[in-house]
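Here the structure is laid out as structure tokens; the discussion comes afterwards.
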Amino acid sequence: MMTNLFSVFDPSSSVFNLSLNWMSTFLGLLLIPSAYWLMPSRWHIMWNFILMTLHKEFKTLLGPPGHPGCNIYLVSMFSLVLFNNFMGVFPYIFTSTSHLTLTLTLALPMWLCFMLYGWINHTQHMFAHLVPQGTPAVFMPFMVCIETISNIIRPGTLAVRLAGNMIAGHLLLTLMGNTGPSLPNMIVSLLLIGQIALLVFESAVAIIQSYVFAVLSTLYSSEVN
């Protein structure tokens, strides 16, 4: 029995007290055929084209002094978030990116590594970021406090933005689906059309949110250089 609306997103399915809903994160390894890695196909070429385009864009955002290997990490992050977002579009599959457990796990260690690297290796540059150029001397202490708070809440905003956008559409789909049995047949047909349109919209949101997550991570890392 559903105690509240948000309980549909709780990872409650378990066997021997082991949650099975989080297994959706690893379903990609089962869905991708082994021939995908051995014989290039149209899907393989298309996916490589997407990854190379993202690699070039992230390289441009990071700039010439970008960290070696950072692009590979960011492209992998985009692929992971995109796959988990898409898994939530299918029925009876748990959306792991709608929980702060996963999104904070992705955002917090990444932000912490960038901050530690910046403060250890580019201390003066990090101090300069706390006071924007042209700030009057009277407002400098306030700007330091504001910039410090904005830096601290960055992993939280990354995680909440991704989880909130993924859970909003799923809530609307759940509400529309629960009202279906009590509606007349004529209205149910319109409801189905609306749900299909919303499902297409959710697919677009899954792509956009994974891209936004990766781009914001790139911008945060570029400030460390």
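The table below gives the values:
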{"quantity": "Residue under evaluation I207, criteria (1) touching a Leu at 6+ places or on another chain (Cβ under 8 Å); (2) modelled with pLDDT of 85 or more; (3) crowded, with 17+ Cβ neighbours inside 10 Å; (4) closer than 21 Å to L74 by Cβ, criterion not met", "calculated": "(3)"}
{"quantity": "From M143, M166, M126, residue being among the aliphatic types (A, V, I, L, M) and under 30 Å from F90 (Cβ atoms)", "calculated": "M166"}
{"quantity": "Unique match (being surrounded by 11 or more Cβ atoms within 10 Å (Cβ to Cβ), at pLDDT 70 or above and of a type outside the set (D, E, K, R)) among L54, L5, L30", "calculated": "L54"}
{"quantity": "Residue within region 201-212 that is outside any helix (DSSP H, G or I) and either touching a helix residue (DSSP H, G or I) at 6+ places or on another chain (Cβ under 9 Å) or among the aromatic types (F, W, Y) (or both) present", "calculated": "no"}
{"quantity": "Test for A197: is it part of a helix (DSSP H, G or I), within 30 Å of Y73 (Cα to Cα) and free of Cβ contacts under 8 Å to residues at least 12 places away in the same chain", "calculated": "no"}
{"quantity": "Residues located in region 121-150, provided they are over 28 Å from the mean Cα position of the chain (by Cα) and of a type in the set (A, V, I, L, M)", "calculated": "A128, V131, A137, V138, M140, M143, V144"}
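The values are calculated or read from the model by the stated rules, or taken from the named source; none is laboratory data. Owing to the predicted nature of the structure, the values given are computational and were not obtained by experimental measurement. Positions of Cβ are generated from backbone atoms using ideal geometry, with glycine treated the same way; all protein chains shown enter the neighbour counts.
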